[in-house]
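Since every read-out is calculated from the coordinates, none of them should be taken as a lab result. These figures come from a predicted structure and were not determined experimentally. Note that each Cβ is placed from the backbone with ideal geometry, even for glycine, and that neighbours are counted across all protein chains shown.
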Amino acid sequence: MKKHLTTPTDIVGKRRHGFLKRMRSKAGRKILSRRRRKGRKRICIS
């Protein structure tokens, strides 16, 4: 069987789930506000 060789990198993670990406859309801003309200130490990967 073939092995899954890709390993997640920091830069890709930041581009996909980072703060700036979240701020771009209305839904993303909703996620951030929800996490702030919950009292998360990290609201996303900055």
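Of everything in segment 26-45, what is surrounded by 10 or more Cβ atoms within 10 Å (Cβ to Cβ), among the small types (Gly, Ala, Ser) and within 13 Å of the chain's Cα centre (by Cα)? Give them in sequence order.
Once the filter is applied, which keeps residues that are surrounded by 10 or more Cβ atoms within 10 Å (Cβ to Cβ), among the small types (Gly, Ala, Ser) and within 13 Å of the chain's Cα centre (by Cα), segment 26-45 yields only Gly28.
For segment 9-43, enumerate the residues that are in a loop (DSSP other than H, G, I, E, B) and of a type outside the set (A, V, I, L, M).
Once the filter is applied, which keeps residues that are in a loop (DSSP other than H, G, I, E, B) and of a type outside the set (A, V, I, L, M), segment 9-43 yields Thr9, Ser25, Gly39, Arg40, Lys41, Arg42.
Restricting to segment 1-23, count the residues that are loosely packed, with under 11 Cβ neighbours inside 10 Å and among the basic types (Lys, Arg).
Qualifying residue count, segment 1-23: 3.
Which of the residues spanning segment 11-22 are touching a residue at least 12 places away in the same chain (Cβ under 8 Å) and either over 17 Å from Arg36 (Cβ atoms) or not basic (Lys, Arg) (or both)?
Result: Gly13, Lys14, His17, Gly18, Phe19.
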